[in-house]
1. Between a first residue in the range 43-65 that is without any contact (Cβ under 8 Å) to a residue 60 or more places away in the chain and in a helix (DSSP H, G or I) and a second residue that is surrounded by fewer than 18 Cβ atoms within 10 Å (Cβ to Cβ) and of a type outside the set (A, V, I, L, M), which pairs have beta carbons less than 6 Å apart while being 6 or more apart in sequence or on different chains?
2. Name the residues in the range 6-30 that are closer than 15 Å to SER214 by Cα, outside any strand (DSSP E or B) and in contact with a strand residue (DSSP E or B) (Cβ under 8 Å, 6 or more places away or on another chain), would you?
3. Could you figure out which of (1) among the hydrophobic types (A, V, I, L, M, F, W, C); (2) crowded, with 19+ Cβ neighbours inside 10 Å; (3) over 30 Å from PRO12 (Cα atoms) isn't true of VAL204?
4. Can you name the residue in the range 149-173 that is of a type in the set (A, V, I, L, M, F, W, C) and closer than 25 Å to GLU92 by Cα and, of all such residues, is surrounded by the most Cβ atoms within 10 Å (Cβ to Cβ)?
5. Taking the range 282-297, which residues are surrounded by fewer than 18 Cβ atoms within 10 Å (Cβ to Cβ) and touching a Gly at 6+ places or on another chain (Cβ under 9 Å)?
6. Any chance you could count how many residues in the range 5-22 are in contact with a helix residue (DSSP H, G or I) (Cβ under 6 Å, 6 or more places away or on another chain) and either crowded, with 24+ Cβ neighbours inside 10 Å or under 16 Å from SER76 (Cα atoms) (or both)?
7. Testing SER76 on (1) touching a Phe, Trp or Tyr at 6+ places or on another chain (Cβ under 6 Å); (2) farther than 18 Å from GLU46 by Cβ, one condition comes back false. Which one is that?
8. Tally time: how many residues in the range 70-129 are more than 26 Å from GLN30 (Cβ to Cβ), of a type in the set (Phe, Trp, Tyr), under 21 Å from the mean Cα position of the chain (by Cα) and buried (at least 19 other Cβ atoms within 10 Å of the Cβ)?
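The values are calculated or read from the model by the stated rules, or taken from the named source; none is laboratory data. Since the model is a prediction, treat every value here as computed from it, not as a measurement. Cβ: placed from backbone, ideal geometry, glycine included. Neighbour counts: every protein chain shown.
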Amino acid sequence: MFSGAFTALITPFRNGEVDVEALEGMVEFQIQGGIHGLVPCGTTGETPAMTEEEDRLVISTVVRVANGRVPVVAGSGSNSTDMAIKYTTMAEEEGADGSLQVAPYYNKPTQEGLFRHFATIAENTDLPIILYNIPGRTAVTVSAETIARLADLPNIVGVKESTLSMNMVSDIKSLCGEEFAILSGDDPMTLPMMALGGQGVISVASNVAPAAVSDMVRALLDDDWERGRELHYELLPLFRALFVETNPIPVKTASSILGLCSDEMRLPMIPLQGENLDTLRRVMEESNHLLPTPEEV
């Protein structure tokens, strides 16, 4: 279930509210673009600035429009174990197919604390869980050894790996075996991670280029490394431009340029501007063959 290119969906806003109509269109655009799965309510979706009711609305909308065509893995983590259980229960109620659980941020728990946090969540849901290891945002790294302990639990099935360490990927693969899914959490790292045995990516870039990103991952899964490398290098300038400022600022701006949604964001995030906006526009023009036509949006 959890292999391929999954999109870490942005959340469209209009006049301070979730833009449900735009979200519906984005989900359809993703599926028509060949994406393998959808991940609403992650950091890319600005959930740190959203209410529980808005999270529920986004998850239910994505599940409804996807209608079983691709799996929906809802971001339902928290730095509070009790709140993570509450959000995961809500995601389960709304029909999500899985849960993405970020390592507790700010608290900086020990490895034993991390194990107990994720294990307690797993005990309280029937959803398959993908761990999210991103020390750049959480200030804590879930070690490969802790991930291996968690992989022994029946419904902890994978990890979104964003440490940027190929040693970490190798260790996870060695300790957790073939059945445990390793998904890249950084678009430029997808190719090298899949070379080490990863199964795909939870992508930011696929918000605006679902066909190209899913084609790249599909080629790599099919052992067509020549085609996968070709697409990697074609996409690389776009991957980099979409992180010219903190995610999701550039990708929401790019989505607005394409007409998928407005560039409205929730403070403390603000839309891209100045030289960085010029850079993004230039790269998008140069990468025009990888982006949808107006008719496809």
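1. Listed by first residue and then by second, the contacts come to VAL63/GLY95; VAL65/GLU24.
2. LEU9, VAL27, GLN30 - these are the residues of the range 6-30 that are closer than 15 Å to SER214 by Cα, outside any strand (DSSP E or B) and in contact with a strand residue (DSSP E or B) (Cβ under 8 Å, 6 or more places away or on another chain).
3. (3)
4. Checked the range 149-173; the qualifying residue surrounded by the most Cβ atoms within 10 Å (Cβ to Cβ) is VAL159.
5. PRO294, GLU296, VAL297
6. Residues that pass the stated criteria total 7.
7. (2)
8. Qualifying residue count for the region: 1.
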